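Take a look at the structure set out below.
The values are calculated or read from the model by the stated rules, or taken from the named source; none is laboratory data. What you see is a predicted model; the values in this text were computed from it and never measured. Reconstructed Cβ throughout: ideal geometry from the backbone, glycine too, with neighbour counts over all protein chains shown. Note: areas computed on protein heavy atoms with side chains; ligands, DNA, RNA excluded. Shrake-Rupley method; radii C 1.70, N 1.55, O 1.52, S 1.80 Å.
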Amino acid sequence: AQKITQTQPGMFVQEKEAVTLDCTYDTSDPSYGLFWYKQPSSGEMIFLIYQGSYDQQNATEGRYSLNFQKARKSANLVISASQLGDSAMYFCAMRVFGNEKLTFGTGTRLTIIP
Amino acid sequence: SAVISQKPSRDICQRGTSLTIQCQVDSQVTMMFWYRQQPGQSLTLIATANQGSEATYESGFVIDKFPISRPNLTFSTLTVSNMSPEDSSIYLCSVERWVNTEAFFGQGTRLTVV
């Protein structure tokens, strides 16, 4: 079975600072994908970034980057130059290849302070 | 990305009644997924809906309570039957355009049962 752990229930960060959201995962399968989603107060789930287990480089998408440390089974999300609009819940998720089910962590509520 | 239209966006329902949530996708997809997010919690997969076959339910979810239809490759419905206050949640539909890629979500249906 797969498990995702997000140990930070809430974070407060000053605007324009960088922020790291932690995510560790557990699986015995060598082939998997890791995802980060943002959920604003409106409730929609917005896909941010993806990292495959065989990817050699860390994924980046604009201000988002994923710090992938395979040996430590961690996939932390880094947001550079935070903005007020980044205030939201952030979920880390994982899927083992061949299994369509996404397993989500418990989320981190990020609040950006002006 | 996929454009997903989910209706209704929110509803307040009386206990004992049923609500049907619709999910329309802008292109054909093989699999559609239904998730529940209870207040302050993470997302939990209810079932996977394939066109032309019965939905596959996760542990703890049954067809009598959450019947699902998938009449074609762009549309699905989830019914929450005989509702109780414990069913108050956000319900989200999700699709993947390609296997092992990111999942896209509808805007969610915020259900309150009184």
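Counting only strands (runs of 3 or more DSSP E) wholly contained in segment B:1-67, the ones carrying 3 or more residues that are under 13 Å from B:THR77 (Cβ atoms) occupy B:4-7, B:19-25, B:43-50.
Checking each residue in segment A:51-85 for being in contact (Cβ under 8 Å) with a residue 60 or more places away in the chain and within 13 Å of the chain's Cα centre (by Cα) picks out A:VAL78, A:ILE79. Within segment B:21-48, restricting attention to residues that are without any contact (Cβ under 8 Å) to a residue 60 or more places away in the chain and more than 14 Å from chain A (Cβ to nearest Cβ), the residue that is most open to solvent (accessible area, probe 1.4 Å) is B:GLN28. Of all residues in segment B:25-63, count the ones that are over 28 Å from A:CYS92 (Cβ atoms) and either in contact with a Ser or Thr (Cβ under 9 Å, 6 or more places away or on another chain) or of a type in the set (A, V, I, L, M) (or both). The total comes to 4.
Pairs under 8 Å by beta carbon, first residue over 10 Å from B:CYS13 (Cβ atoms) and without any contact (Cβ under 8 Å) to a residue 12 or more places away in the chain in segment B:80-96, partner of a type in the set (D, E, K, R) and open to solvent by 20 Å² or more (accessible area, probe 1.4 Å), six or more apart or different chains? As it stands, the answer is none, since no pair meets every condition given. Taking (1) farther than 14 Å from B:SER88 by Cα; (2) modelled with pLDDT of 90 or more; (3) touching a Leu at 6+ places or on another chain (Cβ under 7 Å) in turn, B:VAL29 satisfies each apart from (2). Of A:LYS38, A:LYS3, all but one fail to be in contact with a helix residue (DSSP H, G or I) (Cβ under 9 Å, 6 or more places away or on another chain) and within 14 Å of chain B (Cβ to nearest Cβ); the exception is A:LYS38.
Just to be sure before I move on: is A:ARG109 surrounded by fewer than 19 Cβ atoms within 10 Å (Cβ to Cβ), within 11 Å of chain B (Cβ to nearest Cβ), over 10 Å from the mean Cα position of the chain (by Cα) and basic (Lys, Arg) in the structure I sent? So A:ARG109 passes the test. Here is a check on your reading of the model: is A:VAL13 within 12 Å of the chain's Cα centre (by Cα), open to solvent by less than 20 Å² (accessible area, probe 1.4 Å) and farther than 20 Å from A:THR103 by Cα? No. How many of the residues making up segment B:88-114 are more than 10 Å from chain A (Cβ to nearest Cβ), modelled with pLDDT under 95 and part of a strand (DSSP E or B)? Counting residues in segment B:88-114 that are more than 10 Å from chain A (Cβ to nearest Cβ), modelled with pLDDT under 95 and part of a strand (DSSP E or B) gives 1. Taking the criterion of being farther than 18 Å from A:SER82 by Cα and either crowded, with 17+ Cβ neighbours inside 10 Å or touching a residue at least 60 places away in the same chain (Cβ under 8 Å) (or both), the residues of segment A:16-38 that qualify are A:CYS23, A:THR24, A:TYR25, A:THR27, A:ASP29, A:SER31, A:TYR32, A:GLY33, A:LEU34, A:PHE35.
Within segment B:66-89, being under 16 Å from B:GLN38 (Cα atoms) and open to solvent by 20 Å² or more (accessible area, probe 1.4 Å) holds for B:SER84, B:PRO85, B:GLU86, B:SER88.
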